Structure formats: C-alpha cells, structure tokens
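Q: Just passing along the structure, written as structure tokens.
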Amino acid sequence: MKKQEPVSHIMTKHVHTARLEDKLLDIYELIRKHHIRHVPIMHNKQLVGIISKTDLNRLTFSGLFVGEDADEAVFDMLTIGQVMSHKPRVVKSNDTIKTVAEILSKEEFHALPVVDEKDESVLVGIVTTTDVIKYLLDQY
C-alpha cells in the first residue's frame, strides 16, 4: 500500500456544482440525473457550502406517498443557503488518502470537497467514502 499517495489520485475531478442562487429543485434534479450524492455550492467562484442527497431527502414527502408536488412546494419555500452545510470541511489535493480516510471516519462526513494545494478558494475535486473504500479494495 502506498502510504503517501495524494487524494488527487482517487478524487472525482469533474465535479457537478450548483450556485448559491440556484433553486433547490435544480439540485434535486442534478443529483437524480447524474446519480451523485453531494453537490458543492459556489458563490462568486468560491466554495461556500455543500448539499447532500440526504439533506434533500429530509425535506421531502416522497417516502409518504404524498406526491412530487408536495416535494416541489417544500423546495420552493426554502433556499439553498437555508439547507446547505456552510463552510464545509475541505482537504487539499496533495493531502494523503490516509489523512482523508481519518477525517471521514472520525468526523462523520461522507464527502469532502478537494481544493488546490496553493489556493484553497479553488475547487479541484470531491472525494467520498466510496472513493476511499474502492482504493483500499484495490490494494488487496
């Protein structure tokens, strides 16, 4: 196992993001369309938050068979800023996979935005628990 391998080797580099001024319904559709679970939120090219599929599921009534119209009404009542996790924990692209695994296991995150090692305002990727697990499985 490579102990000093950087997270940039396993992160997703082409990240689907949303803007702070977008609608929650847009994020819901983005998650469904691309089969993703986390969407970093940008404002003026700066990372300001992250929304997960779980965050949106907590707002919906779909599990109660009330209908999608009820879900859309809830999404219309709230803004991204009200739902997202503000100032998300980030890792740098040169941080080791071990460091990322420790953060994910201790701090109960399921995804971490990855920023440039020289400029933390630049989003360069996202790494998830699934990425780390796949990396570890490849070692066997």
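The values are calculated or read from the model by the stated rules, or taken from the named source; none is laboratory data. Here the structure is a predicted model, which means the values were calculated and not measured. FYI the Cβ positions are ideal-geometry reconstructions off the backbone, even for glycines, and counts take in every protein chain you see. Just the protein is used for accessible areas: all its heavy atoms, side chains included, with ligands, DNA and RNA removed. Shrake-Rupley method; radii C 1.70, N 1.55, O 1.52, S 1.80 Å.
Q: Filter segment 89-112 for residues that are in a strand (DSSP E or B), under 16 Å from the mean Cα position of the chain (by Cα) and not charged (D, E, K, R) and give the result.
A: Within segment 89-112, Val91, Ala111, Leu112 meet the criteria.
Q: If you don't mind, there's one more thing I want to ask. Hey, among Leu24, Leu47, Leu30, Leu56, which residue is under 11 Å from Met84 (Cα atoms) and touching a strand residue (DSSP E or B) at 6+ places or on another chain (Cβ under 9 Å)?
A: Leu24
Q: State whether one or more residues within segment 113-126 are open to solvent by less than 70 Å² (accessible area, probe 1.4 Å), assigned to a helix (DSSP H, G or I) and not aromatic (Phe, Trp, Tyr).
A: Kept after step one, since they are open to solvent by less than 70 Å² (accessible area, probe 1.4 Å), are these residues of segment 113-126: 113-116, 119, 121-126.
Now drop any that are not assigned to a helix (DSSP H, G or I), which leaves none.
For segment 113-126, residues open to solvent by less than 70 Å² (accessible area, probe 1.4 Å), assigned to a helix (DSSP H, G or I) and not aromatic (Phe, Trp, Tyr): absent.
Q: List the residue pairs whose Cβ atoms are under 9 Å apart, where the first residue sits in segment 36-59 and is on the phi > 0 side of the Ramachandran plot and touching a residue at least 60 places away in the same chain (Cβ under 8 Å), the second is part of a loop (DSSP other than H, G, I, E, B) and surrounded by fewer than 17 Cβ atoms within 10 Å (Cβ to Cβ), and the two are 6 or more positions apart or on different chains.
A: Here the result reads Lys45/Ser121; Lys45/Val122, each pair linking segment 36-59 to a residue that is part of a loop (DSSP other than H, G, I, E, B) and surrounded by fewer than 17 Cβ atoms within 10 Å (Cβ to Cβ).
Q: Taking into account only those residues within segment 26-41 that are at pLDDT 95 or above and buried (at least 21 other Cβ atoms within 10 Å of the Cβ), which is nearest to Val90 (Cα to Cα)?
A: Out of the qualifying residues, it is Pro40.
Q: For Lys13, work out the one condition from (1) of a type in the set (D, E, K, R); (2) at pLDDT below 90; (3) touching a Gly at 6+ places or on another chain (Cβ under 8 Å) it doesn't fulfil.
A: (2)
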